[in-house]
Amino acid sequence: MTIPEEFPWLEAAWQRLGHYIDSARIPQALLIAGPAGLGKLRLAEAFARRLLCSAPRQEACGACSACRLLAAQTHPDFLLISPAEPGKGITVDAVRALVSTVALKPQYGGHRVVLLTPAHLLNVSAANSLLKTLEEPDERTLMLLVTDAPASLPATILSRCQRLDVGLPDPRLARQWLAARLASADPDALLAMARGAPLRALSLQESGMLEQREAFFEAWRSCLKEPLRALPVAERWHKTACEQVVDWMVGWTIDLIRLWADPVRAEVGSPDLRPSLQTLAEKLNSRELFGHLDLLQGTRRALAGQANKQLALEEILIRWSELDETS
Ligand SMILES: [Zn+2]
């Protein structure tokens, strides 16, 4: 299956990459940037395959010796640089190994591709080391950087890369694509949760995130006016997903404020929960909701530091349980 067949929203990006090859103007450093969950890495890998293939058409042939070596992950002119462990940074050692390899000619006499992902996880010394490679480019080496967070990359790296931005698909296209892959789940709720990114929506569905969120929503709602319920709920949720549930509460509080202001036209982040949110919004007053939103956002910042998760969750849930109703 071609990239545009598999991920139709990547068609324009795929065409632009193809144009680089057709016009023999391959950039020396290319940054593919855009939100998570769009298939940017798959796009970059398909581009690398097509560039290294000895008989490519719109896609790599899949049969030549270069394609077979790539499939076996033994192509000497393809290098992947990524964190040694998920969530860790890309270290200077990984980049130094690259610098020494790039000093040699490509072994197959064609291009060499260095795929660096996620590029924003380069630590400072790794980025400095990479800059040396970017300053003395070898015209047959393509540095392909992929990131969800281009703003986190050093300006010195950004300024040396051509950039290909991949945007969110049209919502109708995303919905159609996702609905074809779901047996029963609600595509709109998943897409809203994934902020419009179809692959992210699919992985949220596979990990049961929608059901988890609904279970937490019920627990959260049951705490209102019932302070005694707050502590057991905090106990149950702090270990598994504290940052996640704080994010959900931020989203629902914003939804409540919007519904309070305009019950009919408000756009909500959790469309699957709209009727329940609507009922809650009618019970609460907006001044209290704004105050609660401040508290949640402050907690979210504190959790990014060293805050105690259970205490933070207890405080939020107790304050939530004590919110005043409209009088
Ligand atoms: Zn091939």
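The values are calculated or read from the model by the stated rules, or taken from the named source; none is laboratory data. Since we're looking at a predicted model, the values are computed, not measured. So basically every Cβ, Gly included, is an ideal-geometry build from the backbone, and we count neighbours across all protein chains shown. In case anyone asks, the SASA skips ligands and DNA or RNA and just uses the protein heavy atoms, side chains included. Shrake-Rupley method; radii C 1.70, N 1.55, O 1.52, S 1.80 Å.
Within the range 49-62, residues that are touching a residue at least 60 places away in the same chain (Cβ under 8 Å) sit with their Cβ atoms under 6 Å from residues that are more than 6 Å from the ligand (Cβ to nearest atom) and open to solvent by 20 Å² or more (accessible area, probe 1.4 Å), at 6+ positions apart or across chains, in these pairs: LEU51/HIS111. Restricting the range 262-292 to residues that are open to solvent by 10 Å² or more (accessible area, probe 1.4 Å) and touching a Ser or Thr at 6+ places or on another chain (Cβ under 7 Å) leaves a set whose member that is nearest to PHE217 (Cα to Cα) is LYS283. Scanning the range 194-253 for residues that are open to solvent by 80 Å² or more (accessible area, probe 1.4 Å), in a helix (DSSP H, G or I) and under 30 Å from LEU10 (Cα atoms) yields ARG200, GLU206, GLU211. Looking only at residues of the range 38-52 that are within 21 Å of the chain's Cα centre (by Cα) and among the aliphatic types (A, V, I, L, M), we find that the one that is nearest to LEU70 (Cα to Cα) is ALA46. Taken across the range 182-192, residues that are farther than 19 Å from GLY37 by Cβ and either within 23 Å of the chain's Cα centre (by Cα) or modelled with pLDDT of 95 or more (or both) do not occur at all. For the range 4-23, the count of residues that are open to solvent by 60 Å² or more (accessible area, probe 1.4 Å), in contact (Cβ under 8 Å) with a residue 40 or more places away in the chain and not in a helix (DSSP H, G or I) is zero. The residues of the range 47-60 that are near the ligand (Cβ under 6 Å from one of its atoms) and either open to solvent by 60 Å² or more (accessible area, probe 1.4 Å) or among the aliphatic types (A, V, I, L, M) (or both), listed by number, are SER54, ALA55, ALA60.
Listed conditions (1) within 16 Å of the ligand (Cβ to nearest atom); (2) touching a strand residue (DSSP E or B) at 6+ places or on another chain (Cβ under 9 Å) are all met by THR74, apart from (2).
Annotation note: of LEU38, LEU31, the sole residue that is at pLDDT 90 or above and within 16 Å of LEU115 (Cβ to Cβ) is LEU31. Residue check: GLU85 meets all listed conditions (1) without any contact (Cβ under 8 Å) to a residue 24 or more places away in the chain; (2) open to solvent by less than 10 Å² (accessible area, probe 1.4 Å) but one, namely (2). All told, LEU178 meets the bar of being touching a Pro at 6+ places or on another chain (Cβ under 6 Å), closer than 25 Å to GLY39 by Cα and open to solvent by less than 10 Å² (accessible area, probe 1.4 Å).
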